[in-house]
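*Asks:* I'd like to ask you about the structure that follows.
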Amino acid sequence: MHEATLTLGLPHTNRWGLAEHLLLMHAGHLHWTAIAATIGVPLSRLRAADGGPVYATFYFIEEDFPEHAALNTFGLDDALRFRLEQRAYKRTAIEGELIFDRGDRLPPLAEDPSPTAPSMGRGRHPYVRFGNIFISPVKGNSRLRVAVPAQGDFSAFRVLPNEENPYQITRAAAATGTLGLLDGRWRPADAGGFDGFYDLDADRDTNGAGLIYFANYIAFMNAAERAAAARSPVATMREGDARIVQQRRVAFYGNASPTDRIRTRVLLFHDPAAPRLMAARSAIHRQEDDELICLSETVKRSVSG
């Protein structure tokens, strides 16, 4: 089990508190750092057997924030503690489960008489689950290929059974177009849906591997979901200054050229019994070939500042 601390500053927050995509950037960095520490090789040095570059890219994210520890309850100068566990499926996929909270609610492992594992802390603390697979962009961002790193000792990871691999959720969603988060309580708010368009910015949206950074997909979808809500025929969806994520699942299917344009298709849902809640199913397609590269389902709560 790994742990880390962070004092929230301006790079981690927006006007509502801890920002979702900025949290994922930091949590993703902790996850990557822990992978490197476990296998004994910096991820930037991983290579395939043929010498080509290998990167641990995200194919799944799950988020769950209890109402008492919603993102907008964390603000500047809050001292947070993160706790992370990882499992690996062979040398191809790695799962990470992470919880975090203020230090008074999540003490250091050395001082915790009954340490809360991330899988057991869900519902008590904010929870994030990652799924990563190793790929090589030998044919560019639009043609990623699964690759097995030739370096690193993966024997220290706990074994991830294939039936528990979050890749199974991602693969099933490719066939159904759903991620299982939205049940029968949710009613369509607008049968027509909404399309949001965005020209990718090569300076702002890429990472050091030249790929569109996984956390930026969340920012793209949040912007499209916000625009869709502002146009919704359901009055309660147009109310409130912001909507803070409570739950989200994301499946990643590809990447895009930094010079491409993306289209985010948003379908909104509402629950008449819970007017402060909104749900969305969002799908990102790249303009190059109209391929689906990201699918998300999310539940958000309206807040006012």
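*Asks:* Give me the pairs, please: first residue somewhere in the range 86-115 and closer than 15 Å to Ala69 by Cα, second residue anywhere and of a type in the set (Asp, Glu), beta-carbon distance under 7 Å, and either six or more positions apart or on two chains.
*Replies:* Matching pairs, first to second residue: Arg102/Asp78.
*Asks:* If I filter the range 207-230 down to residues being over 11 Å from the mean Cα position of the chain (by Cα) and polar (S, T, N, Q), which single residue comes out as farthest from Asp241 (Cα to Cα)?
*Replies:* It comes out as Asn207.
*Asks:* Report yes if Glu288 is in a loop (DSSP other than H, G, I, E, B) and either among the acidic types (Asp, Glu) or at pLDDT 95 or above (or both), otherwise no. So that I can check it myself, show each step before the final result.
*Replies:* Values: in a loop (DSSP other than H, G, I, E, B): yes; either among the acidic types (Asp, Glu) or at pLDDT 95 or above (or both): yes.
Against the criterion (in a loop (DSSP other than H, G, I, E, B) and either among the acidic types (Asp, Glu) or at pLDDT 95 or above (or both)), Glu288 qualifies.
*Asks:* Restricting attention to the range 181-205, report how many residues are touching a Leu at 6+ places or on another chain (Cβ under 8 Å) and buried (at least 19 other Cβ atoms within 10 Å of the Cβ).
*Replies:* Kept after step one, since they are touching a Leu at 6+ places or on another chain (Cβ under 8 Å), are these residues of the range 181-205: 188-190, 193-194.
Next cut, buried (at least 19 other Cβ atoms within 10 Å of the Cβ) only: 189, 194.
Number satisfying all stated conditions: 2.
*Asks:* Restricting to the range 117-133, give me the number of residues that are crowded, with 19+ Cβ neighbours inside 10 Å and either among the hydrophobic types (A, V, I, L, M, F, W, C) or out of contact with any Asp or Glu (no Cβ under 6 Å at 6 or more places or on another chain) (or both).
*Replies:* So the answer is 6.
*Asks:* A further question on this structure: Looking at the range 189-247 only, could you name the residues that are β-branched (Val, Ile, Thr) and part of a helix (DSSP H, G or I)?
*Replies:* Within the range 189-247, Ile218, Thr236 meet the criteria.
*Asks:* Can you confirm whether Ser119 is within 22 Å of the chain's Cα centre (by Cα) and among the small types (Gly, Ala, Ser)? Before the answer, list the steps.
*Replies:* Details: within 22 Å of the chain's Cα centre (by Cα): yes; among the small types (Gly, Ala, Ser): yes.
In short, yes.
The values are calculated or read from the model by the stated rules, or taken from the named source; none is laboratory data. This is a predicted model, so every value here is computed, not measured. Note: ideal-geometry Cβ built from the backbone for every residue, glycine included; neighbour counts use all protein chains shown.
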